[in-house]
Every structure is written in C-alpha cells, then in structure tokens.
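> Supplied in structure tokens, the structure appears directly below.
The values are calculated or read from the model by the stated rules, or taken from the named source; none is laboratory data. The shown structure was predicted, so the numbers you read here are calculated from the model rather than taken from an experiment. Because the Cβ atoms are built from the backbone with ideal geometry, glycine has one as well, and the counts that use them run over all protein chains shown.
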Amino acid sequence: MGKSQNLLQGTLDLLILHALQRETMHGYGIAQTIHLLSDEVLTVEEGSLYPALSRLELDGCISSAWGLSENNRKAKYYKITGRGRKILIGQQESWTRLSAAVQQVLAR
Amino acid sequence: MIFVRRTLRKLLRRRRLHAEMEAELAHHRELSREQGNRIDLGNVTAVKESALDLWRFTLIENAWRDVRYAFRSLGRQPAYTVTAVGSLALGIGVCTAMFTVLNAVALRPLPYTNPQQLVWVTQVLKANNTDEVTFTPDFLDWRAGNRTFQGMAAYNEYTRSLTGIAEPIEVHTVKASAALLPLLGISPLLGRNLPQSADFAGHEHVALLSHAIWRSRFGADRSIVGKAILLDGEQYIVAGVLPEHFLFPGVEQADIVTGLGKNEAGELARDGKVFTVVRNVIGRLKPGITNEQARQDLMAIQAHLPVPPWSPTITIKVLSLRDHLFGNAKVTSVVLVAGSLLFLLIASSNVGSLSLVRLMQRDRELAIRRVLGAARTRVISQLLIESSLLAVFAAGLGLLMAMGIRTLLIAFGPYRLSIYGNLPIDLRVVAFASALLLLTILVFGMLPALRMSDFHLGEAVAAGQTPITGKRHNLRLLSIVGAAEIAIVIALSSSAALMLKSFWNMRYKELGFESQHAIAATINLGTSRYGDKNREFSFINQLLERTAAIPGVEAVAPTVASEIPPGEGDNTNNARIEGRPLPTNSRHKAIHQAQEVNGAYFKILRIPLLEGRLPRDSDTANTLPVVVVNSQFAKRYFQGESALGHRLQTGERENTWYTIVGVVGDVKTSGLAAYPQPVVYTPYEQSDGGRLRDLGVIIRSALPIGSVAPEFRRIVRDLDPEQPVASIETIDQRLNASVSRPRFTADILFVFSCFGVLLAIIGVYGIVTCRTRAQMREIAVRQALGAQPAAIISNILGQASRLVVQGLLAGIALAFLGNRLISGLLYEVKPGDPRALVVVCAGVVLATLVASFLPALRASRLDPLVFLRQD
C-alpha cells in the first residue's frame, strides 16, 4: 500500500457515492477519481473496490450497465440512484460531524 | 419469500455474474497498465469471491456440494445405507401406521355436528348382577324433564332377516328415535328422516337404509324411497337412504334403521302391563354443560321416579360418545403408539451409533479436511446433511410403508377399523410423521455431529492419536445410549412376553372342552314365524336329523347360540333348590347360566362327565324332567354333598321340578377372559324352547368346514327358503376371533420386540466396535508386550458386560412401569411376572454378548506391529 493511507472503515462507500455523484463511471474511473481528488493520498485497491461496488449495488444505492469506455472497450458503468443520493447526504453529514469532533479533540 | 426469489434469480445469473466480474477486473487491470499505475498483486479469484460472496452463493453452493458428496459417500457404503434407511423407514412406517389408528379413534372429531356435546347415557341397575340398560319410561321422563340436554334419543339393536330380495340375509338393524339423526346433525342422502310418529307403537314400520346395503342389495336404486322391504317377514316402507360416510353412533354399524315404536302412554303408566328397556341413550348437552352436571340433573329426576318391584339400585352413567364408542380401542392404540415410538427410538439411536462407527473409519479423511482448512462448521454441516438425507429417504419410504400397513390393519385388524373412516391420512398424521422425521434427525444425526465439535482434529492428527474417539467422555455417552437401548428392549420384550402369555392362557388354558373337528352354525328363528313352539321344535328336529345324515358328520347338537363356547353369555337365571327356604338375599339364589342341549353336545366338545349320566335322546317332553349341572354349580350350591338326585326349579317351565342326573366338567362360556360360571344344562326337548330361537347347531365332522357348510345351508334352505343362516364357522375360528384383540396387540408387540432385539444387537455391536477402535493403540501395545488374545477378548467382553448390566437394571425398572400400563389387558398373568422377565433378560444378555464378541475377536487378531507403524 506504500505511502497511501488506509481508508477508514465505512468511508469507502461514502467516497464511491460522492465520486459517482459527479458523473457515471466504471470501476477503474472511480478508483482513479478518488485517488486524484485526494491529491494522490488515498488509493482504492480492487480487492476492496469491487466488493464495495457489489454491496452498494445489492443495497440499491447504485445501478450498473455495460457500455463502451473511452478507448472503445466494453466496461461496466456505475450510476448513483435516488436512494444512493439520500444515503450519501446522510453519510456526509455524519462524516462531517465525526471529523469535526475528532479535530476538536486533537486541537485541545 | 423475497429472499428466496432473489436467491433463485441470483443462482440463475450465477455464471453470467462470474463472467462479468472477471471481465470487469480484466478491464481494470488493463487500464491500470496502460496508465502506468501499479497493479495490485491480489488474487483475482479471491477478489472475485469476496465480491460475489455478497450474493450469498457460497452458502447454497456449499450445501449443494455437501448433498452431492453425501450421495456419493452413502453410495460407497451400500450395506450401511440400506441398513440405516431400512431400519429408520420401518420405525417411521410402523409409528405412523399406529398413529393413524390412534388418530382415528382418539383424535379426529366424530363426524357429527359439535361432537363434543354428544354423550351416551345409561342407567346402571345393580341387583344380582349389574346391567347397563335404561327403563323406557324413565328415559321418557328424562327427555321431558331435563334442563341440561338439547335433545335425547334412544335406540336398540336387533339382528333381523332381510327377505324378499335375491337371497335372504341377516342384517344388523336398529330401532331408533326419530330424533337421533337430527341430534347428530345428519340428514339422509335420499328421501327423508324417520317421521316423528315412528316413535310410537304401530307406526314404526318405516326404514332408513345404510348406503352400503342400498348399494349391495338394492342396486343403488334411487326410486327405492317409498317402496316396501321385508324385515323378519314384516313390511317396512323405505323413508330414505343414509349418507355414504355416515358413522352410526354404536359399536356396530347399522344396516337398516327403523322406528323405535314404543307405547309411550302404556310405558308411562308404569302398571307393569307395558314395560321395556332401551339399551342406548344418546344425548346432546346444552353448551357449557359438563357430563357431571348432566348426570346430576338426571339423578334429580330419577329420585322422583318409582323403582321396579325387584328393587335394583339405580345409578346413572354419562359418558362422552367418543369414550363409549372407542374406549377400548383407545387404550390399545396408545399402547401400540408408545411401543412403536420406543421402537423408532431404538432404531434411530442405533443408526446413530452405526454412523459413528462409519465416521471413525473416515476419521483420517475428516482430519485431513480440517487440516486443509475446512471450517469445523463445514465438516459438521456436511455430516448433518448426510444424516438428514438418510432420514428424508427413510421418511419417504416409511410413509409408503405406513400406507401398506394401514391397508393390512384395515383388512386384518380386529377392531373393524374400516368403520373409523378407513384410517384417513390427514394433516395430523402428516404432522406426526414430520415430527418423527425431526426426531430421527435429532437423535441419530446430532449424535455423531456433536461429537465432532469438541476436539481439535489437527492437533490430534499431529499427535498421532485416533482423533475422533480419543476422549473418554464421548465413550461414556455412547455407553449410555447403548444401555438405554438395552433397557428399552427389555421393557418392550417383557410387555410382549406378558401379552403373549396372557393370550396363550386365554386361548388354550382350561377351556374345559376340545375344539377339534367341531363346527358351530347359528340361525335366528324370528318370532313372527317361529313364535309357535311346535313349529320351532319341528324345525329344530328336522334340521338336526338331516344334518346328522350329511355323509362325514358324526354328531349334531343344538344349543343357544350366545352360549356356544367361548360364549358371550352374561345372561343368568335363578334356580330354586328343593328343600331349601326361598332365598331372601340375592346371594343365596342359585344363579346360573342356562343352556338347552342334548347328550351329543358333551360328546362333540369332549366335556367330561364327572358323575351320573348325560342327557339322553329319550329325555323328552313326556318323560321325567332332568338336568345336568357343571362342577361349578355342584360345588357352589351343594358344598361337600353330591348334587345328584336334588331337584331344581329353573326358569324353563313354571312349577316344574327338574332332577339333577349328572355333573359335567366346567367350560368357559362367558368369554375366554372370564372364569367358568355355574351352568344348568336342560335337555332341549324339556325346555320351553324360547331361547332356542337364538339357535346354535354344533356339528362334529372330520370333513373341512368348506364341505359341510354348503350342505348345511342347503338343508336350511330346503326347510325354510326364507330363513338365512347367520353364521357357520369352526369352533376354533370362533375361539380365535374372540381373542383376536389381545392376540393382535400381543402379535404387534412381539414383532416390535423381535425387531428391537435385532436392533439392540446391531447397536451393541456398533458401540463395542467404537470402543475397541478407540483403544486400538492400547490393545496393540499390550499385545506387543505379550498379552494373549484370550485376555484381550475377556477384557473387551468385560467392558461390554458392564454396559449390559447397566441397561439390564434400568430395563427391569422400565419393564415394571411398562407392564403396569398393560396390566388392564392381561388375563391370568401378573404384571410383575418374574419368569417372563428372567427369560427376556437372559435372551437379551446372551444376544448382546454375542454381538460384542465379534469386535473383540477382531481386535484380538490385530497385528500390533502393523497398527503401531500406521501412526
């Protein structure tokens, strides 16, 4: 895993949903987006990414469809659902609260 | 439901999902490579599986794999599989079949409206003897004055001849209140119910036909309603036909129901001019009324009613209709179900220990699977699936078997089980069978599986031990199972032994006569045509004469049909002995059973003459009236002195003194389960003949019954074409029929216990094999150090006998309990009969020791070096 940071349990779902809110993407695209948005601090491994995608799809937070990728290859594209958006809002709020609380503790 | 549907959909999409996931991962890696990113070194399969795990495939796939594996591994050991499935199926089949009987007699609601409100009521009259009949006027007063019944109906049963059809037959008829069918909530299939007027004398000539007789004798003629039929020569108008599945609320099914026809005004006058009884009163209680409240109510009415001149003590009995109908069958079926459950318990614990033996042969396979990383739960679930598979097979086979046994029960069972609605297999039976299935899985499946759960196979293999039975307390559990099995077998077999002995005593002990070559025929001479004594005697004399002339017939005797041994006779007479004061106390009256016979009767049945002479053909109406008594009579009423020469007045002819001319041996004539009663035999031509209208003819012939019966029927037809022969069978057949119920119970218990012993042998064999295998190392070491085979064998047998002794002690205790349960069914056998128990115990001990000798012998022949090197 090198210098990159381990993801806190449960935050991966939040990051995936957040990334998908911007646009419809395939798995690799999601991993890359998170990696870039975090200024290359966070790396999402396929071993955690695909099980997470599976789970989210089963939960009905995202949906998937096969399409052609930028280099003209078949790829599975993921898209956030209405239910996913709702959950994302809830998770975002609780994450903000949590991180603020952690900050506050460390600042004193 | 949603889960199941989703699972199914997922299963169907499984292959596609796998392919898609692979493609997706490949795409991911490709892009990574192209863009110069680092490629994870993760295992593609692992990623795939962890992603797809969410779809819950593994659980189902594992289960499916286990099932296939179980099929294969059961197929590899056909002997084990057949034994296990066979014995479990037998257990489940027998249990379920017995349960259908219990269900029919005790659990299923009777086929009437609100059957729980129905009761059977009778007066109990105690004087010389106890009678359960109700005086008609009292019944009428109950019906009018009670506050606890919605309605009451009465009926009496009569055997009558149905004539005017192709062939005259005897039918079982009932004279019943018109209120009976509405009370039960039954309406006729065709026509209408008996009219209210049929309750009154002179209007009773209306009939309802049972569905069976309507079909068999009247060709299911739908226009029968309104036509006339002939019963005992009298015309009855058919009012209707009863529904097909109608169950008459009596012990016997009625072929024809006619009006009760009582002179109600005359009965209620209670002046002795009209006085009859009803034998069955059926009532429907008002909602919420208990049997006891109803009884109190009727007793209160009874208190104001006059008591007849012979002043019996009158009490009233109120039984729920079900208890009246099925009381006896209920006890027997409970005994049978309990017996078969024990049997199943043995079978399944046995298969449990067998599968344990099998498990031990696979210990290395299982240990290696554990070492290679199979989760303990996976190993256990696989074992459970194997045993469940066995149990399911066994249950399926068992149900088929139950249906077969059910057919046999209906055909051969002594309880006329067909009248209980052909023992339907309903929801209750299916629920019971499923419960049995669960029980078997629990008992025999959990046993070996649990054993797996508390040891560490990997370590065991590493340490070079035999892993599975390495722990002592496991062996102890196994021994307890074995001991329990032996205990159950002893309890079961001792009950069976008692029942057999009881049956034997009943059937063969002290009958007082010999039944070989004796045939008994019965004929009901109706009052309408044979009320005239001359006509009756001329018929009887001609019949005897012509029957005696059949080639091969040695002797013929008349008697009263109900008194033919083993008899059902509970009719008693009082006699007055000359020279003794008129008895004031009923105990001093010479109570006896009366029989009208000739001299040949004693010769045919080989009843010994003890004193004096037998009746002769010369003892006729015009000669000195004589009687012969049995030794009970002589002993009871002439203590010490000879009965010969004393004179009696019996009920036969008013004011006629009969001289006792002979004393004969005692014969069982009140059923095989009762002791001989005092009997007075009157030469039939010196009797008043009335009782002989219930005519029995005893024939002695070396010919088989098959050649005598048609001749006899032909003679009767020649004498009177309208007269049916009620029955003709050998005395042996009658004897067998009269003990068919105890015999049935005894036979079934006997079969159970035979199988039980067989199963116990298999069980002990399995257990001892397990134990010796667990001690293999120890035995091998001892042998290597010079122990003789004999020492090894005696050591193992010693251990086995400890188990047997424990089982024996528990079994004896259990046997006493079980025997108490059946004590009501025993005749001349004490429940605690030590001889039966000793025989059973000895047999079981012997059998189990033989069973444990085999593994012991095998262990003693073991080559220690081979075994020790194995580790």
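> Of all residues being modelled with pLDDT of 85 or more and of a type outside the set (A, V, I, L, M) in region B:389-410, which is surrounded by the most Cβ atoms within 10 Å (Cβ to Cβ)? Just the residue, please.
Of everything passing the filter in region B:389-410, B:Gly398 is surrounded by the most Cβ atoms within 10 Å (Cβ to Cβ).
> For A:Glu70, state whether it is surrounded by 19 or more Cβ atoms within 10 Å (Cβ to Cβ), within 11 Å of chain B (Cβ to nearest Cβ), within 25 Å of B:His18 (Cα to Cα) and modelled with pLDDT under 90. Don't jump to the end; show me each part of the working.
Details: surrounded by 19 or more Cβ atoms within 10 Å (Cβ to Cβ): no; within 11 Å of chain B (Cβ to nearest Cβ): yes; within 25 Å of B:His18 (Cα to Cα): yes; modelled with pLDDT under 90: yes.
Answer is no for this residue.
> Pick out the one residue from B:Ala79, B:Ala51, B:Ala46 that is at pLDDT below 75 and in contact with a helix residue (DSSP H, G or I) (Cβ under 6 Å, 6 or more places away or on another chain).
Exactly one of B:Ala79, B:Ala51, B:Ala46 is at pLDDT below 75 and in contact with a helix residue (DSSP H, G or I) (Cβ under 6 Å, 6 or more places away or on another chain), namely B:Ala51.
> Could you check, for region A:1-8, whether at least one of its residues is in a helix (DSSP H, G or I), more than 13 Å from chain B (Cβ to nearest Cβ) and either in contact (Cβ under 8 Å) with a residue 60 or more places away in the chain or not aliphatic (A, V, I, L, M) (or both)? Break it down stepwise before answering.
Residues of region A:1-8 that are in a helix (DSSP H, G or I), as a first pass: none.
There is no residue in region A:1-8 that is in a helix (DSSP H, G or I), more than 13 Å from chain B (Cβ to nearest Cβ) and either in contact (Cβ under 8 Å) with a residue 60 or more places away in the chain or not aliphatic (A, V, I, L, M) (or both).
> Still on this structure, I have one more. Identify, by number, the condition in (1) farther than 22 Å from B:Arg616 by Cβ; (2) part of a loop (DSSP other than H, G, I, E, B) that B:Gln632 doesn't meet.
(2) is the only condition that B:Gln632 fails.
> Taking only pairs six or more apart or across chains, which ones have beta-carbon atoms under 6 Å, a first residue in region A:38-51 that is facing chain B (nearest Cβ under 8 Å), and a second residue that is acidic (Asp, Glu) and in a loop (DSSP other than H, G, I, E, B)?
A:Glu45/B:Asp40; A:Glu46/B:Asp40
> When you go through (1) surrounded by fewer than 22 Cβ atoms within 10 Å (Cβ to Cβ); (2) within 30 Å of B:Leu344 (Cα to Cα) one by one for B:Gly756, which number turns out not to apply?
Unmet for B:Gly756, out of (1) surrounded by fewer than 22 Cβ atoms within 10 Å (Cβ to Cβ); (2) within 30 Å of B:Leu344 (Cα to Cα): (1).
> Considering only region B:541-563, state which residues are more than 19 Å from B:Asn524 (Cα to Cα), small (Gly, Ala, Ser) and either over 41 Å from the mean Cα position of the chain (by Cα) or in a helix (DSSP H, G or I) (or both). First the steps, then the outcome.
Of the residues in region B:541-563, the ones more than 19 Å from B:Asn524 (Cα to Cα) are B:548-555.
So of that shortlist, the ones also small (Gly, Ala, Ser) come out as B:548-549, B:552, B:555.
Across region B:541-563, the qualifying residues are B:Ala548, B:Ala549.
> Just the residues that are part of a loop (DSSP other than H, G, I, E, B) and either among the aromatic types (Phe, Trp, Tyr) or within 12 Å of another protein chain (Cβ to nearest Cβ) (or both), please, taken from region A:73-90. Can you show your working first?
Step one: of region A:73-90, the residues part of a loop (DSSP other than H, G, I, E, B) are A:73, A:81.
The one that is part of a loop (DSSP other than H, G, I, E, B) and either among the aromatic types (Phe, Trp, Tyr) or within 12 Å of another protein chain (Cβ to nearest Cβ) (or both): A:Arg73.
> Would you say B:Thr148 is free of Cβ contacts under 8 Å to residues at least 24 places away in the same chain, more than 17 Å from B:Pro249 (Cα to Cα) and more than 27 Å from the chain's Cα centre (by Cα)?
no
> Identify the single condition in (1) more than 9 Å from chain B (Cβ to nearest Cβ); (2) assigned to a helix (DSSP H, G or I); (3) crowded, with 19+ Cβ neighbours inside 10 Å that A:Ser54 does not satisfy, given that it satisfies every other one.
Just one mismatch for A:Ser54, condition (1).
> Here is a follow-up. Filtering region B:62-86 down to residues that are aliphatic (A, V, I, L, M) and within 41 Å of the chain's Cα centre (by Cα), which residue is surrounded by the most Cβ atoms within 10 Å (Cβ to Cβ)?
Top of the filtered list is B:Ala84.
> Condition check: surrounded by fewer than 19 Cβ atoms within 10 Å (Cβ to Cβ) and within 13 Å of chain B (Cβ to nearest Cβ). Does A:Glu93 satisfy that?
Values: surrounded by fewer than 19 Cβ atoms within 10 Å (Cβ to Cβ): yes; within 13 Å of chain B (Cβ to nearest Cβ): no.
When the stated conditions are applied, A:Glu93 does not pass them.
> Turning to a different aspect of this structure: Could you pull out the residue among B:Val307, B:Val278, B:Val241 that is surrounded by 15 or more Cβ atoms within 10 Å (Cβ to Cβ) and within 19 Å of B:Val133 (Cα to Cα)?
Selected residue: B:Val278, the only one of B:Val307, B:Val278, B:Val241 that is surrounded by 15 or more Cβ atoms within 10 Å (Cβ to Cβ) and within 19 Å of B:Val133 (Cα to Cα).
> Give the residue that is modelled with the lowest pLDDT, with candidates limited to residues of region B:19-38 that are within 9 Å of chain A (Cβ to nearest Cβ) and assigned to a loop (DSSP other than H, G, I, E, B).
Just the residues of region B:19-38 that are within 9 Å of chain A (Cβ to nearest Cβ), to begin with: B:20-21, B:23-25, B:27-32, B:34-35, B:37-38.
Now narrow it down to the ones that are assigned to a loop (DSSP other than H, G, I, E, B): B:35, B:37-38.
Numbers: B:Gln35: 77, B:Asn37: 69, B:Arg38: 63.
Step by step, filter region B:19-38, then rank; the result is B:Arg38.
> Go through region B:179-206 and count every residue that is assigned to a loop (DSSP other than H, G, I, E, B), in contact with a strand residue (DSSP E or B) (Cβ under 8 Å, 6 or more places away or on another chain) and surrounded by fewer than 18 Cβ atoms within 10 Å (Cβ to Cβ).
6
> Still on this model: Taking region A:13-27 on its own, how many of its residues are in contact with a helix residue (DSSP H, G or I) (Cβ under 8 Å, 6 or more places away or on another chain), touching a residue at least 40 places away in the same chain (Cβ under 8 Å) and not acidic (Asp, Glu)?
9
> Then there is this: Looking at region A:8-19, is at least one residue among the acidic types (Asp, Glu) and more than 11 Å from the chain's Cα centre (by Cα)?
First pass over region A:8-19, keeping only residues among the acidic types (Asp, Glu): A:13.
Now drop any that are not more than 11 Å from the chain's Cα centre (by Cα), which leaves none.
Looking through region A:8-19, none of the residues is among the acidic types (Asp, Glu) and more than 11 Å from the chain's Cα centre (by Cα).
> Hey, B:Ile165 hits all of (1) crowded, with 16+ Cβ neighbours inside 10 Å; (2) not in a helix (DSSP H, G or I) but one; which does it fall short on?
Status for B:Ile165: all satisfied but (1).
> Being within 23 Å of A:Gly90 (Cα to Cα) and either out of contact with any helix residue (DSSP H, G or I) (no Cβ under 9 Å at 6 or more places or on another chain) or facing another protein chain (nearest Cβ under 9 Å) (or both) is the requirement here; does A:Ala65 meet it?
Details: within 23 Å of A:Gly90 (Cα to Cα): no; either out of contact with any helix residue (DSSP H, G or I) (no Cβ under 9 Å at 6 or more places or on another chain) or facing another protein chain (nearest Cβ under 9 Å) (or both): yes.
Here the answer is no, as A:Ala65 does not meet what is asked.
> Condition first: buried (at least 22 other Cβ atoms within 10 Å of the Cβ) and more than 22 Å from B:Pro249 (Cα to Cα). Now tell me which residues in region B:207-224 satisfy that.
none
> Which of the following residues is in contact with an Asp or Glu (Cβ under 8 Å, 6 or more places away or on another chain) and either over 27 Å from B:Leu305 (Cα atoms) or buried (at least 22 other Cβ atoms within 10 Å of the Cβ) (or both): B:Glu264, B:Glu252, B:Glu234?
Going through B:Glu264, B:Glu252, B:Glu234 in turn, the sole match is B:Glu252.
> Restricting to region A:12-36, name every residue that is surrounded by fewer than 16 Cβ atoms within 10 Å (Cβ to Cβ) and of a type outside the set (A, V, I, L, M, F, W, C).
Going residue by residue through region A:12-36, those that are surrounded by fewer than 16 Cβ atoms within 10 Å (Cβ to Cβ) are A:21-24, A:36.
A:Gln21, A:Arg22, A:Glu23, A:Thr24, listed by residue number.
> With the condition kept exactly as written, say whether any residue in region B:588-609 is more than 19 Å from B:Gly696 (Cα to Cα) and at pLDDT 90 or above.
Within region B:588-609 (the criterion being more than 19 Å from B:Gly696 (Cα to Cα) and at pLDDT 90 or above), the answer is yes, since at least one residue qualifies.
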